[in-house]
Amino acid sequence: MPSQRIELSRRRLVQASGLGAAALAGAGVLSGCKADGGGSGGGRGGRFTMVADMNPVKQHKNPPMEDDALLVKQAIAPLFYPKPALYDWNSADYIPMLAESVDVDDQAKTLTFVLRQGVEWTDGESVTATDLAGTFKLAWALADSSDTTWPYVDEITVVDERTVELALSKVFEGVAYKAATALVHSYARYGEFMDRAGDLMSKGSDFWGSDEQTAFTSELSDLSFEDWVSCGPFRFQEQSDNLVVFELHEEGLFGDKVKFQEVAARVAGNTDILPFLRSGEIDYATNVLTPNDREAVMELDGVVELEHANYSGGGIALNNNRHGEFADVRVRKAMLHAIDRDAVAEAAVGSYGYTENHYDSGYSVLHTEEILSDTGELVYYEYDVDKAAGLMEEAGWSKDGGSWSGPDGKAKKYTLIAPEGWTDWTDAATAIAAQLQDFGLDVEFNPVPQEDFLTILPSGEYDMAIRQWGSTLRPMPSGAAEWNFFYENLRTKGEPGMGVETEGIETEAFGKVSVDEIYQDAFGSEDYDEMLAANGKIALIFNEYLPRLPIWEGKHTSRYRIGLNIGSVEVDDDYADNNPTLDNQLLIALLQGKVTPA
């Protein structure tokens with residue numbers, strides 16, 4: 001794309017109340033200026049290869065249907081299929097990508113995007129506001145009433161060739177997030193569906209969950225393509241069963257800045273990282289490594305480790321539907337007391353891979369201290385098998401010959417599942433099962449294929465499962481509330497999930513509460529302090545109710561290797577808190593031309 005100087009809007013959203021999600025970070029940082037030697041291809045070359053969790057044989061190239069789409073939910077996505085912006089997890093600002101400005105006006109209740117000039121799709125068409133508006137209409141049609149952006153969008157308007165305005169019913173922290181970080185699709189490819197989606201908006205929220213939405217989604221998912229129409233600096237070239245290669249697309253976003261001629265995504269399990277980095281088959285991996293593998297990788301010449309903030313961690317999901325005894329909070333508290341969580345974390349990720357979190361709030365340390373002025377109200381369920389036994393007896397369990405029997409007098413047996421190949425989770429599951437066996441609970445670990453694991457959880461076809469807790473869906477604190485209480489917990493006939501109740505919960509702190517109602521303020525209050533207070537209340541409820549068992553808080557790291565395929569790297573430390581999959585700091589540097597070939 002042509003180089004240009006970008007003037008970014010720095011107007012903050014209700015700045016006095018602390019809402020920072022409307023601003024754009026780093027004015028001019030990704031301005032599209034010509035890279036040295038750019039334009040004619042001079043100074044470019046080589047291939048940058050990174051690991052991706054993908055299945056090129058089974059996954060499709062129909063990005064609006066994101067869940068089964070190839071690569072668009074992986075860290076590599078901004079290199080070929082950009083969004084309007086990425087997110088700066090430290091400053092709560094947006095990092096400009098396709099949009100040169102994202103502006104939320106709380107008085108007018110509008111969200112306005114202005115696109116960069118000169119960006120082209122791989123079919124040669126220019127990227128315009130029609131593409132962006134159509135993208136937003138599709139997102140609306142595929143959403144549901146629980147979404148944190150689209151239910152509050154009343155109208156989507158193309159203002160001019162580069163500008164799209166969304167009329168909002170209300171403005172709150174994070175209302176722009178889903179729109180600002182949406183994958184942008186081509187109108188030339190999806191125009192029919194985009195236009196239909198725009199018409200469907202007149203039906204309002206009645207459309208969501210209707211047979212009409214099911215039919216629309218089914219038709220869209222039936223589309224099949226051999227290639228992407230994309231507008232990033234790299235375009236699809238070829239693929240095999242374990243590798244997808246992209247070549248330079250100079251007319252794409254930042255195509256005149258990147259230094260590599262090719263980038264590639266490679267399938268690799270956690271145990272593959274050491275040999276692949278050693279041989280140069282990969283240059284960068286975000287995989288979670290075992291302590292021994294991590295030590296061996298760090299001994300390789302030229303390996304550099306990046307630390308990333310993490311607002312979530314590993315835990316246990318218990319299936320209350322299958323085992324009603326799990327619904328007794330005393331049993332859940334007993335399990336936490338019976339598990340030496342530091343020992344589990346050491347076995348799973350080593351001392352480098354976790355953060356001590358003694359809050360048990362369901363929120364990360366950073367979020368907990370943001371939303372609660374008095375963290376002393378929280379109870380930490382320290383490792384104490386005597387306390388665990390006391391709680392089990394209080395719940396009506398009895399122990400005979402070293403084994404616990406339930407309140408019905410019958411012996412209980414449980415299977416703990418984790419996905420094959422996720423070595424941190426399988427190692428954690430092995431340690432947890434062994435500790436609970438020592439405590440007297442008959443728990444057996446059984447690894448399951450990754451693809452099966454992700455369908456088993458919502459279906460509720462399990463006893464116990466290793467699963468995340470915390471803010472895994474979005475960087476706002478309310479992401480933790482959504483995940484902990486509602487994710488894979490629909491409690492419907494088709495998707496019963498954990499079977500954890502969220503209405504009519506009896507608590508010592510607040511009496512009978514509805515997490516559903518409190519959650520509305522936790523993510524959607526227009527008053528910032530009220531939003532924090534609602535999240536604080538949910539944290540205290542989590543601490544008492546334990547809808548999931550938090551075992552460790554993650555501290556994510558990733559590694560690249562200089563010397564074989566990479567010549568130099570200059571990473572902006574301001575992005576060190578970014579999520580490694582959603583807003584990866586190394587890939588931002590690559591887009592800036594600050595990662596060069598050897």
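Hey, could you check the stretch 217-227 for residues that are out of contact with any helix residue (DSSP H, G or I) (no Cβ under 6 Å at 6 or more places or on another chain), not β-branched (Val, Ile, Thr) and not in a loop (DSSP other than H, G, I, E, B) and say which is most open to solvent (accessible area, probe 1.4 Å)?
Per the criteria, the residue is GLU219.
State whether one or more residues within the stretch 481-501 are touching a strand residue (DSSP E or B) at 6+ places or on another chain (Cβ under 6 Å) and open to solvent by 20 Å² or more (accessible area, probe 1.4 Å).
Looking through the stretch 481-501, none of the residues is touching a strand residue (DSSP E or B) at 6+ places or on another chain (Cβ under 6 Å) and open to solvent by 20 Å² or more (accessible area, probe 1.4 Å).
Taking only the stretch 571-583 into account, find how many residues are touching a strand residue (DSSP E or B) at 6+ places or on another chain (Cβ under 8 Å) and either among the polar types (S, T, N, Q) or open to solvent by 30 Å² or more (accessible area, probe 1.4 Å) (or both).
Result for the stretch 571-583: 7.
Out of LEU546, LEU564, LEU587, which single residue is over 24 Å from GLY255 (Cα atoms) and either at pLDDT 95 or above or charged (D, E, K, R) (or both)?
LEU546
Please work out which one of (1) out of contact with any Pro (no Cβ under 7 Å at 6 or more places or on another chain); (2) hydrophobic (A, V, I, L, M, F, W, C); (3) modelled with pLDDT of 95 or more; (4) crowded, with 19+ Cβ neighbours inside 10 Å is the condition TRP422 fails and give its number.
The failed condition is (3).
Go through the stretch 228-318 and tell me which strands (runs of 3 or more DSSP E), entirely inside it, have 3 or more residues that are aromatic (Phe, Trp, Tyr) and closer than 30 Å to ALA481 by Cα.
none
When both residues are 6+ apart or on different chains and their Cβ atoms are under 7 Å apart, which pairs have a first residue that lies in the stretch 165-190 and is more than 14 Å from SER525 (Cβ to Cβ), and a second that is open to solvent by 10 Å² or more (accessible area, probe 1.4 Å) and of a type in the set (S, T, N, Q)?
Qualifying pairs under 7 Å: GLU165/THR110; GLU165/THR112; GLU165/THR157; LEU166/THR110; ALA167/THR110; LEU168/THR110; TYR187/THR130.
Among the residues of the stretch 438-459, is there at least one that is open to solvent by 20 Å² or more (accessible area, probe 1.4 Å), in contact (Cβ under 8 Å) with a residue 40 or more places away in the chain and among the hydroxyl-bearing types (Ser, Thr, Tyr)?
Scanning the stretch 438-459 turns up no residue that is open to solvent by 20 Å² or more (accessible area, probe 1.4 Å), in contact (Cβ under 8 Å) with a residue 40 or more places away in the chain and among the hydroxyl-bearing types (Ser, Thr, Tyr).
Anything in the stretch 138-169 that is open to solvent by less than 50 Å² (accessible area, probe 1.4 Å) and charged (D, E, K, R)? List them, or say none.
ASP147
Considering only residues that are acidic (Asp, Glu) and surrounded by fewer than 22 Cβ atoms within 10 Å (Cβ to Cβ), which ones fall in the stretch 536-563?
Answer for the stretch 536-563, where residues must be acidic (Asp, Glu) and surrounded by fewer than 22 Cβ atoms within 10 Å (Cβ to Cβ): just GLU544.
Please go through the stretch 519-532 and pick out each residue that is of a type in the set (A, V, I, L, M, F, W, C) and free of Cβ contacts under 8 Å to residues at least 24 places away in the same chain.
None; the set is empty.
What pairs come up if the first residue lies in the stretch 582-598 and is among the charged types (D, E, K, R), the second is not in a helix (DSSP H, G or I), and their beta carbons are under 6 Å apart, counting only those six or more places apart or on different chains?
ASP583/LEU86; ASP583/TYR87; LYS594/GLU570
For VAL72, work out the one condition from (1) at pLDDT below 95; (2) under 15 Å from GLY232 (Cβ atoms); (3) not small (Gly, Ala, Ser) it doesn't fulfil.
(1)
Kindly state which helices (runs of 4 or more DSSP H) lie completely within the stretch 324-413 and contain at least 3 residues that are crowded, with 17+ Cβ neighbours inside 10 Å and more than 28 Å from the chain's Cα centre (by Cα).
329-338, 385-394
Which ones in the stretch 194-208 are surrounded by 13 or more Cβ atoms within 10 Å (Cβ to Cβ), out of contact with any strand residue (DSSP E or B) (no Cβ under 9 Å at 6 or more places or on another chain) and touching a residue at least 40 places away in the same chain (Cβ under 8 Å)?
Hits for the stretch 194-208 are MET194, ASP195, ARG196, ALA197, LEU200, PHE207, TRP208.
Quick check on this structure: which one of ALA285, ALA296, ALA265 is more than 25 Å from TRP552 (Cα to Cα) and of a type outside the set (S, T, N, Q)?
ALA265
State whether the residues of the stretch 509-519 include one that is buried (at least 17 other Cβ atoms within 10 Å of the Cβ) and on the phi > 0 side of the Ramachandran plot.
There is no residue in the stretch 509-519 that is buried (at least 17 other Cβ atoms within 10 Å of the Cβ) and on the phi > 0 side of the Ramachandran plot.
Would you check if there is a residue in the stretch 104-111 being hydrophobic (A, V, I, L, M, F, W, C), crowded, with 21+ Cβ neighbours inside 10 Å and either within 30 Å of ALA215 (Cβ to Cβ) or out of contact with any strand residue (DSSP E or B) (no Cβ under 7 Å at 6 or more places or on another chain) (or both)?
Yes: the stretch 104-111 contains one or more residues that are hydrophobic (A, V, I, L, M, F, W, C), crowded, with 21+ Cβ neighbours inside 10 Å and either within 30 Å of ALA215 (Cβ to Cβ) or out of contact with any strand residue (DSSP E or B) (no Cβ under 7 Å at 6 or more places or on another chain) (or both).
I'd like to check something: does the stretch 555-567 contain any residue that is under 27 Å from VAL72 (Cβ atoms), in a loop (DSSP other than H, G, I, E, B) and under 24 Å from the mean Cα position of the chain (by Cα)?
Within the stretch 555-567, one or more residues are under 27 Å from VAL72 (Cβ atoms), in a loop (DSSP other than H, G, I, E, B) and under 24 Å from the mean Cα position of the chain (by Cα).
Go through PRO82, PRO63, PRO78 for me and flag whichever is touching a Leu at 6+ places or on another chain (Cβ under 8 Å) and part of a helix (DSSP H, G or I).
None of the other options fit; the residue is PRO78.
Looking at (1) open to solvent by less than 50 Å² (accessible area, probe 1.4 Å); (2) touching a Phe, Trp or Tyr at 6+ places or on another chain (Cβ under 9 Å), which one does LEU473 not meet, given that it meets all the others?
Only one criterion in (1) open to solvent by less than 50 Å² (accessible area, probe 1.4 Å); (2) touching a Phe, Trp or Tyr at 6+ places or on another chain (Cβ under 9 Å) is unmet by LEU473, namely (1).
Restricting the search to the stretch 66-75, which residues are in a loop (DSSP other than H, G, I, E, B) and open to solvent by 20 Å² or more (accessible area, probe 1.4 Å)?
Within the stretch 66-75, LYS73, GLN74 qualify.
Identify, by number, the condition in (1) out of contact with any helix residue (DSSP H, G or I) (no Cβ under 9 Å at 6 or more places or on another chain); (2) closer than 30 Å to ILE588 by Cα; (3) small (Gly, Ala, Ser) that GLY232 doesn't meet.
(1)
Has the stretch 48-60 got any residue that is in contact with a Gly (Cβ under 8 Å, 6 or more places away or on another chain) and of a type in the set (Asp, Glu)?
Within the stretch 48-60 (the criterion being in contact with a Gly (Cβ under 8 Å, 6 or more places away or on another chain) and of a type in the set (Asp, Glu)), the answer is no, since none of the residues qualifies.
The values are calculated or read from the model by the stated rules, or taken from the named source; none is laboratory data. Small disclaimer: the values here were computed from a predicted structure and weren't measured. Positions of Cβ are generated from backbone atoms using ideal geometry, with glycine treated the same way; all protein chains shown enter the neighbour counts. Accessible surface areas use protein heavy atoms only, side chains included; no ligands, DNA or RNA. Shrake-Rupley method; radii C 1.70, N 1.55, O 1.52, S 1.80 Å.
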